[in-house]
Amino acid sequence: QVQLVESGGGLVQAGGSLRLSCSTSEPTLSNYAVAWFRQAPGKEREFVALISAGGGSKRYGDSVPDRFTISRDNSKNSVYLQMNNLKPEDTAVYYCAARRTFGAYGLDEYPDWGQGTQVTVSS
C-alpha cells in the first residue's frame, strides 16, 4: 500500500496557475502508475490525467483541457499536475491515486488514494 499526500492547492484568480504535487515517503512510487482525479461540488469524481511508472506514457480525461500537464520526478517520489490559465470550472478537490499497472481510468481500479487538495478558482 502506498501512502500518498497531495499538496499545492489553494485559492487562485482566474487565469492563474497552480502545480499540484503527489508525493510519498516510500521509495516505491516509481513502481506505480499515478493518476489525478478531481471532484467538483455536487459532482462525481472524474478522471483528469494518468502517467506511467516511468513517465513515458500519459493520458488525459476527455473533459480535461490542454491547459493541464502531468509529469513525474521519480528521484523525488513525486508526480505533478501543472494547471495553467485556470478557470472557475476547475474548482474542485484534486486527488492522486496509484496502482501497479498503467491504463486504468476508473475510481474502483485504484487501491491507494491521497486525502485530496482543494483548488478554488475565483472569477
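Summing charges over neighbours of G55, with a neighbour being any other residue whose Cβ is under 14 Å away from its Cβ, gives +3 when K and R count +1 and D and E count -1.
Net charge in the neighbourhood of G9 (other residues with Cβ under 14 Å of its Cβ; Lys, Arg +1, Asp, Glu -1) is 0. The GluC sites (Glu not before Pro) found in segment 1-94 that occupy coil by DSSP, while having at most 10 further C-beta atoms within 10 Å, are E44.
Tell me, what is the percent relative contact order of segment 1-61, built from C-alpha pairs under 8 Å that lie six or more residues apart?
Numbers: 79 pairs, mean separation 14.5, N = 61.
Computed over segment 1-61, the figure is 24 percent.
With the other protein chains left in place, how much accessible area per residue, in square angstrom, belongs to the chain at a 1.4 angstrom probe?
It amounts to 49 Å² per residue over the chain.
Other residues lying with their Cβ under 12 Å from the Cβ of T117 contribute a combined charge of +1, Lys and Arg counting +1, Asp and Glu -1. Would you mind telling me the antiparallel percentage of the DSSP bridges in the chain, rounded to 5? Around 90 percent of the beta bridges assigned by DSSP in the chain are antiparallel ones. If contacts are Cα pairs under 8 angstrom and at least 6 residues apart, what is the relative contact order of segment 30-73 in percent? Computed value for segment 30-73: 32 percent relative contact order.
The values are calculated or read from the model by the stated rules, or taken from the named source; none is laboratory data. A quick note: this is a predicted structure, and the numbers were derived from the prediction, not measured. All Cβ positions, even for glycine, are placed from backbone atoms using ideal geometry, and neighbour counts span all protein chains on display. Ligands, DNA and RNA are excluded from the accessible area calculation, which covers all protein heavy atoms including side chains. Shrake-Rupley method; radii C 1.70, N 1.55, O 1.52, S 1.80 Å.
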